[in-house]
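In what follows, a structure is listed as structure tokens, so that the remarks can point back to it.
The values are calculated or read from the model by the stated rules, or taken from the named source; none is laboratory data. Because the structure is a prediction, the values reported are computed rather than measured. With ligands, DNA and RNA removed, areas are computed over all heavy atoms of the protein, side chains included. Shrake-Rupley method; radii C 1.70, N 1.55, O 1.52, S 1.80 Å.
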Amino acid sequence: MIASAASTGKGPSSAVAGRPQCPAQVDPLAALRTPADPPWDVYLTGTVFLDIIFTGLDSAPVRGTESWARGMGSSPGGVANMATALARLGLRTSLAAAFGDDHYGEYCWDALEQGEGIDLTSSRSVPGWHSPVTVSMAYEGERTMVSHGHEPPPEEPAPDCPPRARAAVASLEPGRSAPWIAQAAAKGTRIFADVGWDETGAWDLAGLTDLAHCEAFLPNAEEAMRYTGATCPRAAAHALTAHVPLAVVTLGAEGAYAVDRRTGESAEVPAIAVEALDPTGAGDVFVAGFVTGTLADWPLADRLAFAGLTAALSVQEFGGSLSAPGWAEIGAWWRRIQSYDDQDPAALRRYAFLAGLVPTDPARPWPLRRAVPTIGFGRSA
């Protein structure tokens, strides 16, 4: 297992005309781009939350007592986690979502469009609808969440005609079909899907009807085993390839395992040892890293390693969306781990593919926006 280094740098970023003043340092798809490409690399739709995160709790809150957290942060959450992670890795990202017309919604919109350069032309602010909110408490490497919100209004963008994109990321729901997934796949968009916990307890793959349109499915180990009936996550990954070409199963502290039915290839990469500050959004960052590597045509093992690295870097910062690393953080990690005298040479070779990707200049041209204790500082009167 390779040792890790924390990412560095904090502070707000500036923007003009809806794009970051300084774009991502690396375009992972530069060698593949042509004039005939779709306008977007990745399309997403979903609900944006305002996340309020408490960290540094010694234990779970106890009934009838008051707990004090040593850290706190606020950031856009929900589907914003995935969108931000993709944008920070250099992918041209388009998001369709409803935003409340309150201060929280305005903050999330600005953070995503102005701060991250995410396209929101398919999104809109809905009058009279307040932003959903999640309070997340991180302790002992785990988290507990409390959320509040109302059903999305009828005016929420219904992505029945998604824009052309190389890829889309979808969260599948048991027993429910999202028409935009089939429509996007029919246009040649590559669909990457994850899934949440099946509250019905059925765990029936037939209920995931949109899986038929997906190129890749990325459940965690427990989900994969319950859906397939397999007794180990690796066997579950192989079983899933009867339903989807590429199955990726995350194994928690053990890393991740993937099988590609089209090539017969399988790969397993161990996790990176880190001291987690806040695990919120780490799964979204993992998917974003894997999507990036897949669109860039990297080998399967490199894609798994990169996804695991980006997720490991993310848990060392507050929040979901604004904890996502950019290429400067990835480059700083790669340079630092090579300086350790006792570093495992085999582990270093696993990440040697980064040498040709990360920025050679260690200086950060612009700071990533990070989660802060409150929102609204620095606003004009």
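What the table shows:
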| item | result |
| --- | --- |
| Nearest-10 value in Å² for the accessible area of Ser131, using the 1.4 Å probe | 10 Å² |
| For the range 153-272: accessible area per residue (Å², 1.4 Å) | 45 Å² |
| Using θ = phi - 60° and Karplus 6.51 cos²θ - 1.76 cosθ + 1.60, couplings along the range 103-117 (whole Hz; Gly, Pro as x) | 4, 4, x, 4, 4, 5, 4, 5, 4, 7, 6, 6, x, 10, x |
| ³J(HN,Hα), Karplus 6.51/-1.76/1.60, whole Hz, each residue of the range 334-348, x for Gly, Pro | 5, 5, 6, 5, 6, 8, 7, 5, 9, 5, 5, x, 5, 5, 5 |
| Probe 1.4 Å - accessible area at Arg92, Å² to nearest ten | 100 Å² |
| Derived scalar couplings ³J(HN,Hα) [the range 226-238; Karplus, 6.51 cos²θ - 1.76 cosθ + 1.60; whole Hz; x for Gly, Pro] | 5, 6, 9, x, 6, 9, 9, x, 5, 5, 5, 4, 5 |
| Whole-Å distance, taken between Cα centres, linking the range 280-296 and the range 238-272 | 14 Å |
| Residue order for Glu113, Glu254 - accessible surface, 1.4 angstrom probe, largest first | Glu254, Glu113 |
| Amide hydrogen neighbours beyond the local backbone of Trp40, cut-off 5 Å, H modeled | Arg166 |
